[in-house]
């Protein structure tokens with residue numbers, strides 16, 4: 001397993017959490033075969049064994065996304081064994097991957113986010129004017145506001161937001177270096193309003209936490225780099241009064257893409273902003289734009305309203 005672990009991390013460039021999931025899947029498959037992972041002989045595993053395991057999981061009610069991941073785990077493992085000449089034939093070569101349904105991504109309505117950000121600005125100005133010295137209350141309000149503003153303004157993933165440090169910023173040039181999936185980096189422009197808010201937050205952060213390690217993490221809570229659960233909690237709380245079905249960081253990423261396309265941005269520009277490797281991944285947002293257009297038509301045009309009577 002150590003060699004396969006290294007293969008996943010360094011050759012396939014999989015994220016640590018993905019590697020953990022792949023290794024867990026392999027152990028579960030070995031258990032199903034009635035043996036320990038370390039004693040499993042890959043050359044004795046047939047395509048029928050793999051299909052049987054996946055079928056048993058499907059009967060247990062596992063979601064298609066989970067089944068697909070488990071199939072990908074076995075694909076990676078047997079491809080590794082084939083490259084190391086442990087097996088002569090890959091039993092997953094003809095293995096079809098379970099299809100994942102593609103529902104429209106959830107997003108928060110633009111007017112709702114803009115209202116949240118505007119209301120927060122008023123509250124922050126009041127707090128800062130009342131307190132000449134930095135306070136925990138000011139830290140909380142500034143940080144939470146900037147988390148929402150950054151996710152919505154730039155369309156970042158949660159992990160991308162968390163990994164940001166001061167050295168990723170070039171505020172004078174209005175640029176931000178983002179490290180995305182599989183360590184792929186991209187440069188995105190920062191609007192002036194966001195740049196000003198980042199400077200304001202950095203000044204407060206540095207007064208409260210002058211001993212942060214370098215490179216200094218952009219977002220901190222209680223003097224430490226912010227965690228995934230803390231980001232999720234902030235977003236869920238800030239979006240609590242919105243009509244969005246899912247109040248998550250990814251919903252704000254979807255909101256960014258939807259707003260860009262609805263305001264006339266071309267699909268390829270949105271793709272580059274989001275850090276998608278394929279244009280087909282970005283195209284799902286065109287369906288959201290169409291859904292918004294259809295909803296507006298049905299509520300406004302007399303012929304559309306008449307057909308619903």
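The values are calculated or read from the model by the stated rules, or taken from the named source; none is laboratory data. These numbers come from a predicted model, not from an experiment. All Cβ positions, even for glycine, are placed from backbone atoms using ideal geometry, and neighbour counts span all protein chains on display.
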Legend entry - Test result for residue 213, outside the structural domain of residue 19 (by TED's automatic domain parsing) and surrounded by fewer than 12 Cβ atoms within 10 Å (Cβ to Cβ): yes
Inset, instruction - Answer yes or no as to whether residue 249 is within 27 Å of residue 165 (Cα to Cα), assigned by TED's automatic domain parsing to the domain that holds residue 160 and surrounded by fewer than 16 Cβ atoms within 10 Å (Cβ to Cβ). - result: no
Inset, instruction - Output the number of the condition that residue 225 fails; it satisfies all remaining conditions of (1) surrounded by fewer than 12 Cβ atoms within 10 Å (Cβ to Cβ); (2) touching a strand residue (DSSP E or B) at 6+ places or on another chain (Cβ under 9 Å). - result: (1)
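For region 155-175, what are the residues that are within 26 Å of residue 106 (Cα to Cα) and in a strand (DSSP E or B)?
Within region 155-175, none qualify.
Pick from region 64-118 the residues that are outside any loop (DSSP other than H, G, I, E, B) and modelled with pLDDT under 90: which of them is surrounded by the most Cβ atoms within 10 Å (Cβ to Cβ)? Give the derivation first.
As a first pass, look at region 64-118 and keep what is outside any loop (DSSP other than H, G, I, E, B): 64-83, 110-118.
After this cut, where a residue has to be modelled with pLDDT under 90 as well, the list is 64-65, 110.
Numbers: 64: 13, 65: 12, 110: 16.
It comes out as 110.
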